[in-house]
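Colleague: Handing you a structure now.
The values are calculated or read from the model by the stated rules, or taken from the named source; none is laboratory data. From a predicted model like this one, the values you see are computed outputs, not experimental measurements. Here the Cβ is made from the backbone with ideal geometry for all residues, glycine too, and neighbour counts use every protein chain on show. Remember, those area values only see protein heavy atoms, side chains included, never the ligands or the DNA or RNA. Shrake-Rupley method; radii C 1.70, N 1.55, O 1.52, S 1.80 Å.
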Amino acid sequence: MTRAPRVVAAAILLALALSACRSSPDVAAYVGDARVTVAELERAVDERLRDDDIAQFAAADPAGYTRQVLGYLVDRELVAAVAEKYDVAVGDDAVQARIEELIGDQDADDAYAELAQQGISRADVTENIRQQLVLAELGEIEAPDEEELRERYDEMRDDLAGLEFGVITAPDQAQAEAVLAELTADPAAYPAVAARYEGSATLPELVRGDPGEIVPVLAEQLEAAPPGSGFVQPLEAAGGVVVGFSNGEVTPSFEQARPELEAQAEADAQEEVAARVAEVRDDVDVRVNPRYGVLDDDGQLVPGGDGVVELLDGPEDASGSAPGD
């Protein structure tokens, strides 16, 4: 990969340089000062096509596969720029350990063969895992510690409160009424009672949230039920007689809310990582030769353009010549 220093040039000199170079369209993409040449892209595609499974996958859409590989190469440079900006490094041992963890008990050759059928080479796997670990490491910068989690809990305490309810489906009316009586006498027994009626129409534990999103057909009755009470209703779609039980509005303790707090913190961290990647993408000004496609709003390489080969407006070298001259 060749890197050239960015030099601010007069508009007229830039225009002349580009005009002179349009007959030498040797750049597939620019990622800041880094460039992916057409020759490099062709080599990358050819290397992958040596695998019969990849070759079979690529044969269905050769242009699409070339675009797929170019997307890999662009992502490699982009994440390298992110890692450099935020001083994040991931070693080979960490990458290999993560790959082994993901493969688990599956035969490695079988796992790679399955990926090859999607046009993904072993080298692609290694690079993709490295990128994931770089972004995960970047996300750790935003991950809250115990104190921050407790602060988050205090701030969100009111928002965490919600209706706690359960749904158990019994095979007949008599059993459903017995279930309701048991839950009314001892709401804490809900998990044990639900386990006796395990199935797709039974919630294994009391849940806290909006019934309209979880069990819309029972939402009105659950919201109307006084705390510690419920109802019995035959429901053909559930395959039996449904017992709805409401524990009323509940505010979870910190420990009860911890999984939710951690999940929200992780989502916030991922959002921050995505924002940082987008910022770097904007800073380095990723550009792709229209011959291969265009970048969508999410930075993904998709089909586009008219197939005409053009030389990209790449960074000039110190002599004022554009790459490709």
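Colleague: How much accessible surface area, in Å² rounded to 10, belongs to the heavy atoms of Asp298 with a 1.4 Å probe?
Modeller: 110
Colleague: Next up: With charges only on Cβ, +1 for K and R and -1 for D and E, what is the dipole size of the chain about its Cα centre, in debye, rounded to 20?
Modeller: 1120
Colleague: Taking all protein chains in place and a 1.4 Å probe, what share, in percent, of the accessible surface of the chain do carbon and sulfur account for?
Modeller: 49
Colleague: What is the helix-to-structure angle for 62-85, meaning the angle in degrees between its Cα long axis and the longest Cα principal axis of the chain, kept from 0 to 90 and rounded to the nearest 10?
Modeller: Approximately 80 degrees, to the nearest ten.
Colleague: Normalising by the residue count of the chain, find the relative contact order in percent from Cα pairs under 8 Å and 6+ residues apart.
Modeller: 28
Colleague: Against the 2.2 N^0.38 Å scaling, with N counting residues, where does segment 185-288 land? I'd like the Cα-based Rg ratio to two decimal places.
Modeller: 1.62
Colleague: Find, among the trypsin sites (Lys or Arg not before Pro) in segment 33-103, those assigned to loop by DSSP (not H, G, I, E, B) with at most 14 other beta-carbon atoms within 10 angstrom. Intermediate values should be presented prior to the final figure.
Modeller: Details: sites: Arg35, Arg43, Arg48, Arg50, Arg67, Arg76, Lys85, Arg98; in loops: Arg50.
Sparse-neighbourhood loop trypsin sites (Lys or Arg not before Pro): Arg50.
Colleague: Which whole-Hz ³J(HN,Hα) couplings does segment 295-302 yield from phi under the Karplus relation 6.51 cos²θ - 1.76 cosθ + 1.60, θ = phi - 60°, glycine and proline marked x?
Modeller: For segment 295-302, the Karplus curve yields 8, 7, 5, 8, x, 8, 7, 10 Hz.
Colleague: Continuing with the same structure: Given the Cα-Cα distance of Ala174 and Ala94 and 0.36 nm per residue of separation, how much length would full extension add, in nm?
Modeller: Values: separation 80, 0.36 × 80 = 28.80 nm, distance 5.77 nm.
Stretched out fully, the Ala174 to Ala94 stretch lengthens by 23.0 nm.
Colleague: Would you please classify the overall shape of segment 19-89 from the alpha carbon gyration tensor, given that a ≥ b ≥ c denote the square roots of the eigenvalues, rounded means a/c under 1.5, and beyond that prolate means a/b larger than b/c while oblate covers the rest?
Modeller: oblate
Colleague: Would you compute, from DSSP H runs of 4+ residues alone, the mean residue ellipticity of the chain at 222 nm, taking -39500 (n - 2.57) per run and dividing by the full residue count, rounded to the nearest 500?
Modeller: -16500 deg cm²/dmol
Colleague: Sticking with the crude label model, points 7 Å out along Cα→Cβ, report the distance from Thr126 to Val250 in nm, one decimal please.
Modeller: Placing both labels 7 Å beyond Cα along the Cβ direction yields 5.0 nm.
Colleague: A further question on this structure: With no solvent and one point per C-alpha, what does the Debye sum give as log10 I(q)/I(0) for segment 52-123 at q = 0.26 Å⁻¹?
Modeller: -1.11
Colleague: What Kirkwood Rh does segment 25-182 have if only Cα atoms enter the pairwise 1/r average? Answer in Å.
Modeller: One decimal place: 20.2 Å for the Kirkwood radius.
Colleague: Compute the Kirkwood hydrodynamic radius of the chain, taking the inverse of the mean of 1/r over all pairs of distinct Cα atoms, and give it in Å to one decimal.
Modeller: 24.8
Colleague: Right, next: To one decimal place, what orientation-averaged projected area in nm² is obtained for the convex hull of the Cα set of segment 196-256?
Modeller: Average projection, Cα convex hull of segment 196-256: 4.8 nm².
Colleague: Hey, another quick one. Give the residue list of GluC sites (Glu not before Pro) in segment 162-255 that are DSSP loop and have at most 11 other beta-carbon atoms within 10 angstrom.
Modeller: Values: sites: Glu164, Glu177, Glu182, Glu198, Glu205, Glu213, Glu220, Glu223, Glu236, Glu249, Glu255; in loops: Glu198, Glu205.
Passing both the DSSP loop test and the Cβ count: Glu198, Glu205.
Colleague: What FRET efficiency, computed as 1/(1 + (r/R0)^6) with R0 = 22 Å and r the Cβ-Cβ distance, is obtained for Val294 and Glu42, rounded to the nearest 0.05?
Modeller: Efficiency for this residue pair is about 0.65.
Colleague: With everything on Cα atoms, drop me the angle between helix 146-160 and the longest principal axis of the chain, reported from 0 to 90° to the nearest 10.
Modeller: Once rounded, the angle reads 60 degrees.
Colleague: While we're on this one: Label points 7 Å out from Cα along the Cβ direction at Arg258 and Ala195: separation in nm?
Modeller: Going by the 7 Å Cα→Cβ label model, 2.2 nm.
Colleague: Now for a different question. Under a crude label model (7 Å from the Cα following the beta-carbon direction), how far is Asp186 from Arg150 in nanometres?
Modeller: Here the answer is 3.4 nm between the modelled labels.
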